[in-house]
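The values are calculated or read from the model by the stated rules, or taken from the named source; none is laboratory data. For clarity, every value in this text was computed on a predicted model and none was experimentally measured. With ideal geometry, Cβ positions are generated from the backbone for all residues, glycine too; neighbour counts draw on all protein chains shown.
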Amino acid sequence: DPAVIKEKILQKYPPKVARKRAKQILINEALENETPEITANVRTIPGIITMRGCTYAGCKGVIMGPTRDIVNITHGPIGCGFYSWLTRRNQTDASADGAENYMTYCFSTDMQDKDIIFGGEKKLEAAIQEAYDLFHPKGICIFATCPVGLIGDDIHAVAAKMKERLGDCNVFAFSCEGYKGVSQSAGHHIANNQVFRHLVGLNDEQKPGEYKINLLGEYNIGGDGFEIDRIFKKCGITNIATFSGNSSYDQFASAHTADLNAVMCHRSINYVADMLEVKYGVPWVKVNFIGAQSTAKSLRKIARYFDDPVLTERVEAVIAEELPPVMEEAAKVRPRTEGKTAMLFVGGSRAHHYQELFKELGMKTVSAGYEFAHRDDYEGRHVLPGLKVDADSRNIEEIEVNPDETRFNPRKSEEELAALEESGLAFKEYDGMIPDMEKGTMVIDDLNQYEAEKMVELLKPDIFCAGIKEKFSIQKLGIPMKQLHSYDSGGPYAGFKGAVNFYHEIDRLVNSKVWGYLKAPWQ
Ligand code: ICS
């Protein structure tokens, strides 16, 4: 009984903490057409070992990290740069002629005590100059870490000064101090704002190709983006820019020339989707390429938008060719996975998206939650108008965007959009994770170490999915653990080929005999 489980988890806390956590632990008992309310995007209670990361991680590591030809300089102690350096296994393809790839380097000002005391601006200036002299990149981005905000280094002034001095290099900075928001999520927003302000729209050149889209919120972890691009190519869909897996400076600069934004990770990039729509007139739809059926559904969504029989036919042909063998593979694995249970605790999207792959294996997600997503990612975007702005969210800049005087160009007329909506294509819409989960399942926001272990003890799932901080504590409980941030050493798991990889990986994990030999502390 989930109510008893919730009670058992809360028992351990002091009353005040229990009251707060109770609002973030939700038993999914949605009535028809009604989603229960959860508390999200609030501070972690001090003393609790959260699964979350920091604002700098969300800005530098998540949004800007996967771009190969921008030099990303961390202004701060060396650890911040080091731990955000490719640990997420975001891949890139730099095989094209003249393509630059700086992702294999870790750039940092390596702040020392004396920089904290006397200021680090000169050191930052020197670092930008050194990076420029070595690589002559198109762009250099500067990222603030906690001490930078505390001592008051003006990274934006340094960036502006260096941009002017260098002449042919776009230098801009992010005030993404780790403590700036309650989680990584604030860093996404800060990154979205600055990329939109300083980079999107710089290249007006029309790229060749038909059916031009941007794929927003796909970070090419374990090569996911490569598989999605393979499918797009086969369908004849042109991907102008991915934000930001396998991306380049020029992709960002050209993003406003696409005719549709397909939003994969709603949490991290919805700001860019909204800004592109307001300034340039590009509509957006939600997609999900995790799960073979979801992939087919998302391709059909894109085809419906362009509303061209040529594209629709090609998309249907690709689905007819690629989907059946994937479902055959699922059917082969299913007898060994059917009825097994999973728990998914990942950042802001995957805890939802990966439930699709488990469904294809006949597995049930008994509990899931996000580290840092907002209420709209749980309950759907209809809650947006009612969201309270608190001191922490007010701390993150909202930039005002207006239609571009010369380049605003609505891709579809009001009537066309209305007709598409009528036919079932929802624009600017995301229904969130909760409505997709079965009744009686548990949805937990900002899960912590203690709760993770308690959940495993009480519900004994067949697999637990989270990140590196959880990996070994869970495995020591005798439960197989799959990292959904970095995919351990696996992937891709997106698209059609990725789904097959995932089926085999989960089959291997949940049916391994080794876990039975482990003794959990309660045994
Ligand atoms: Fe989006 Mo880890 Fe993405 Fe999501 Fe985001 Fe992070 Fe990763 Fe996780 C992410 S952008 S780094 S889908 S690629 S910050 S796995 S919300 S926590 S679930």
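Please go through segment 233-250 and pick out each residue that is within 21 Å of the chain's Cα centre (by Cα) and crowded, with 24+ Cβ neighbours inside 10 Å.
Correct list: Ala241, Thr242, Phe243, Ser244, Gly245, Asn246, Ser247, Ser248.
Being closer than 26 Å to Glu379 by Cβ and part of a loop (DSSP other than H, G, I, E, B) is the filter here; which residues of segment 462-491 pass it?
Within segment 462-491, Gly467, Leu484, His485 meet the criteria.
Looking at (1) away from the ligand (no atom under 16 Å from the Cβ); (2) more than 17 Å from the chain's Cα centre (by Cα), which is the only condition Gly380 fails?
Only one criterion is unmet by Gly380, namely (2).
For Arg165, indicate whether it is among the basic types (Lys, Arg) and within 16 Å of the ligand (Cβ to nearest atom).
So Arg165 does not fit the description; no.
Let's see how each residue does on (1) away from the ligand (no atom under 16 Å from the Cβ); (2) surrounded by 15 or more Cβ atoms within 10 Å (Cβ to Cβ); (3) closer than 28 Å to Leu384 by Cβ:
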site	(1), (2), (3)
Ile5	yes, yes, no
Ile9	yes, yes, no
Tyr13	yes, yes, no
Ile27	yes, yes, yes
Glu37	yes, no, yes
Pro46	yes, no, no
Thr55	no, yes, yes
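Being in a loop (DSSP other than H, G, I, E, B), basic (Lys, Arg), more than 13 Å from the ligand (Cβ to nearest atom) and buried (at least 21 other Cβ atoms within 10 Å of the Cβ): is that true of Lys180 here?
yes
List pairs: first residue in segment 475-490 and more than 18 Å from Ala368 (Cβ to Cβ), second residue surrounded by fewer than 19 Cβ atoms within 10 Å (Cβ to Cβ) and polar (S, T, N, Q) anywhere in the structure, Cβ distance under 7 angstrom, at least six positions apart or on different chains.
What qualifies is Ser486/Thr87.
Looking only at segment 233-244, which residues are touching a residue at least 12 places away in the same chain (Cβ under 8 Å) and farther than 20 Å from Asn270 by Cβ?
Lys234, Cys235, Gly236, Ile237, Thr238
Please identify the pairs in which a residue from segment 341-368 that is of a type in the set (D, E, K, R) has its Cβ atom under 7 Å from the Cβ atom of a residue that is part of a helix (DSSP H, G or I), counting only partners at least 6 apart or on another chain.
Within 7 Å, the pairs are Glu356/Gln293; Glu356/Ser294; Glu360/Ala292; Glu360/Gln293; Glu360/Ala330; Glu360/Ala499.
If you go through segment 66-118, how many residues are closer than 16 Å to Lys138 by Cα, without any contact (Cβ under 8 Å) to a residue 40 or more places away in the chain and within 20 Å of the chain's Cα centre (by Cα)?
So the count comes out to 1.
Look at Ala159 and say whether it is assigned to a loop (DSSP other than H, G, I, E, B) and either under 21 Å from Asn193 (Cβ atoms) or modelled with pLDDT of 95 or more (or both).
no
Only one of Thr341, Thr337, Thr365 is touching a helix residue (DSSP H, G or I) at 6+ places or on another chain (Cβ under 7 Å), more than 16 Å from the ligand (Cβ to nearest atom), closer than 21 Å to Ile474 by Cα and of a type in the set (Ser, Thr, Tyr); which?
Thr337
Would you check if there is a residue in segment 77-86 being over 19 Å from Glu371 (Cβ atoms), in a loop (DSSP other than H, G, I, E, B) and within 16 Å of the ligand (Cβ to nearest atom)? Even if it seems obvious, please write down each step before you answer.
Start the filter on segment 77-86 by keeping residues that are over 19 Å from Glu371 (Cβ atoms), which leaves 77-79, 81-82, 85-86.
Narrowing the set further to residues that are in a loop (DSSP other than H, G, I, E, B) leaves 77, 85-86.
This time we only want the ones that are within 16 Å of the ligand (Cβ to nearest atom), so: 85-86.
Yes, because at least one residue in segment 77-86 is over 19 Å from Glu371 (Cβ atoms), in a loop (DSSP other than H, G, I, E, B) and within 16 Å of the ligand (Cβ to nearest atom).
Going by the structure shown, is Glu227 touching a helix residue (DSSP H, G or I) at 6+ places or on another chain (Cβ under 8 Å), in a helix (DSSP H, G or I) and in contact (Cβ under 8 Å) with a residue 12 or more places away in the chain?
The answer is yes for Glu227.
Mind telling me which of the residues Asn270, Asn239 ends up being touching a strand residue (DSSP E or B) at 6+ places or on another chain (Cβ under 6 Å) and either away from the ligand (no atom under 16 Å from the Cβ) or in a helix (DSSP H, G or I) (or both)? Spell out how you get there, then give the answer.
Details: Asn270 fails: touching a strand residue (DSSP E or B) at 6+ places or on another chain (Cβ under 6 Å).
The unique qualifying residue is Asn239.
Residues in segment 446-461 that are surrounded by 21 or more Cβ atoms within 10 Å (Cβ to Cβ) and in a loop (DSSP other than H, G, I, E, B): how many?
3
Name the residue, out of Ala94, Ala99, that is part of a loop (DSSP other than H, G, I, E, B), touching a Ser or Thr at 6+ places or on another chain (Cβ under 8 Å) and either of a type in the set (Phe, Trp, Tyr) or surrounded by fewer than 19 Cβ atoms within 10 Å (Cβ to Cβ) (or both).
Ala99
Mind checking which pairs have a first residue in segment 297-319 that is more than 19 Å from Pro283 (Cα to Cα) and a second that is at pLDDT 95 or above and assigned to a loop (DSSP other than H, G, I, E, B), Cβ under 6 Å, 6 or more apart or different chains?
Hits for this filter: Arg314/Gly236.
Within segment 429-445, identify whether any single residue is farther than 20 Å from Asn28 by Cβ and either part of a loop (DSSP other than H, G, I, E, B) or not acidic (Asp, Glu) (or both), and answer yes or no.
Taking segment 429-445 and keeping what is farther than 20 Å from Asn28 by Cβ, we get 429.
Subset that is either part of a loop (DSSP other than H, G, I, E, B) or not acidic (Asp, Glu) (or both): 429.
Checked segment 429-445: at least one residue is farther than 20 Å from Asn28 by Cβ and either part of a loop (DSSP other than H, G, I, E, B) or not acidic (Asp, Glu) (or both).
Suppose we filter segment 194-224 for residues that are away from the ligand (no atom under 16 Å from the Cβ) and either surrounded by fewer than 21 Cβ atoms within 10 Å (Cβ to Cβ) or in contact (Cβ under 8 Å) with a residue 60 or more places away in the chain (or both); how many remain?
The qualifying residues number 17.
Which members of segment 271-311 meet the condition of being surrounded by fewer than 16 Cβ atoms within 10 Å (Cβ to Cβ) and not charged (D, E, K, R)?
Val278, Pro309, Val310
Hey, can you tell me all the residues within segment 119-149 that are more than 28 Å from the chain's Cα centre (by Cα) and aliphatic (A, V, I, L, M)?
Of everything in segment 119-149, those that are more than 28 Å from the chain's Cα centre (by Cα) and aliphatic (A, V, I, L, M) turn out to be Leu124, Ala126, Ala127, Ile128, Ala131, Leu134.
Inside segment 104-120, can you point out the residues that are in a helix (DSSP H, G or I) and not aromatic (Phe, Trp, Tyr)?
Listed by number, the residues that qualify are Asp113, Lys114, Asp115, Ile116, Ile117.
If the requirement is being at pLDDT 95 or above, within 26 Å of Ala373 (Cα to Cα) and assigned to a helix (DSSP H, G or I), which of these qualifies: Ile190, Ile213?
Ile190
Within segment 467-523, how many residues turn out to be more than 16 Å from the ligand (Cβ to nearest atom) and among the small types (Gly, Ala, Ser)?
Adding up the residues that qualify gives 6.
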